[in-house]
Structures are given as C-alpha cells and as structure tokens.
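This report refers to the structure that appears directly beneath it.
The values are calculated or read from the model by the stated rules, or taken from the named source; none is laboratory data. Bear in mind that the values here come from a model prediction, so they are computed numbers and not experimental data. Don't worry about glycine lacking a Cβ; one is built from the backbone with ideal geometry, like all the others, and counts go over all protein chains shown. Accessible surface is based on the protein model in full, side chains and every heavy atom, while ligands, DNA and RNA are left aside. Shrake-Rupley method; radii C 1.70, N 1.55, O 1.52, S 1.80 Å.
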Amino acid sequence: MNPHLRLIASELAVRAPAGEAGAKDDPRAPRFELSFACREDWQAGLGRLILPLECSIAEPQSFQGSAVVGRLRGRTLAELRMDASRLTRRQAHIVAGDSALVQVLWLLSGRCRVQQGPNRPMLEAGGWTILDPGREYAL
C-alpha cells in the first residue's frame, strides 16, 4: 500500500458498529482495526467510523485499505493505509455540526496532494497539514 496517513479529528465520536464496544472515551477501550478490499466497503467504513467521504480507487481489482480507529481525550484518531486512491469531502457530506471540527493530516509514508479551497500542497512523508471538515476538500 502506498500512502500511510494519520487523521486526527477534533470533537468527532467513533461510532462503533452495532453491538460492539469501544466507542467510550476510555484509553483502555479497544481500537477498531479494519481491512477493506473494495471501494464500497472502504467508503462505508470511513463514513461510519470517521467522516463521510467519497472514494475513488486507481486500481479497483487490487485495492487494499486498512484503518485503525480509536479515541484519545475525546478526539477520534485514525491511522489509514491505502493503495492509490482519492478521498473527497463534498458539500453533501458536510452537516451543520462540522464547523466545530478540526482535522489534522499527518502523512507517515508515501505522497499525498491535499486540496482545500485555493490551497494545494503536496505532502511528503513526515509532512502534515490542517483541514476544515466543514468545507470541501480532496486528498
């Protein structure tokens, strides 16, 4: 898998799948470790556990993605690993409460172009940026 990034979103709740524990704000609460092999599952998993996003996959036949999602001091933390793809947050994904959120993107490996408004930085491994989930963006 190529890009390896860590998303830190302020004031988001990890939404545990029905019947599973782990949504508590407890450092001992289990993390969710999930693997995905198709775009539909990846998009649904991200939307349910992190933020609603549209996903485009470069090579759908061989796509692999994984997410480790947990909570730390009331914040949702997610480490995502994915093959070449594009994640887009569109107006349809944004709800009224999103204006109070801050999202930090820290790229652990690979390269990632970030686009929000007129800003279009290219992140290299170790680079980071701040996103406003209350506005459209693309990774």
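The numbered conditions (1) free of Cβ contacts under 8 Å to residues at least 12 places away in the same chain; (2) hydrophobic (A, V, I, L, M, F, W, C); (3) closer than 18 Å to residue 48 by Cβ are all true for residue 122 except (3). Scoring residue 54 on the criteria (1) under 19 Å from residue 138 (Cα atoms); (2) crowded, with 16+ Cβ neighbours inside 10 Å; (3) modelled with pLDDT under 90 leaves a single failure, condition (3). Cβ-Cβ contacts under 9 Å between residues 6 or more apart (or on different chains), taken from a first residue in the stretch 51-75 that is under 25 Å from residue 98 (Cβ atoms) and in a loop (DSSP other than H, G, I, E, B) to a second residue that is open to solvent by 40 Å² or more (accessible area, probe 1.4 Å) and of a type in the set (D, E, K, R), are listed as 52/90; 53/90; 73/25; 74/11; 74/25. The set of residues in the stretch 81-122 that are hydroxyl-bearing (Ser, Thr, Tyr) and surrounded by 17 or more Cβ atoms within 10 Å (Cβ to Cβ) contains only 85.
From the list 78, 125, exactly one residue is of a type in the set (Gly, Ala, Ser) and either under 13 Å from the mean Cα position of the chain (by Cα) or buried (at least 18 other Cβ atoms within 10 Å of the Cβ) (or both). Which is it? Residue meeting the stated conditions: 78.
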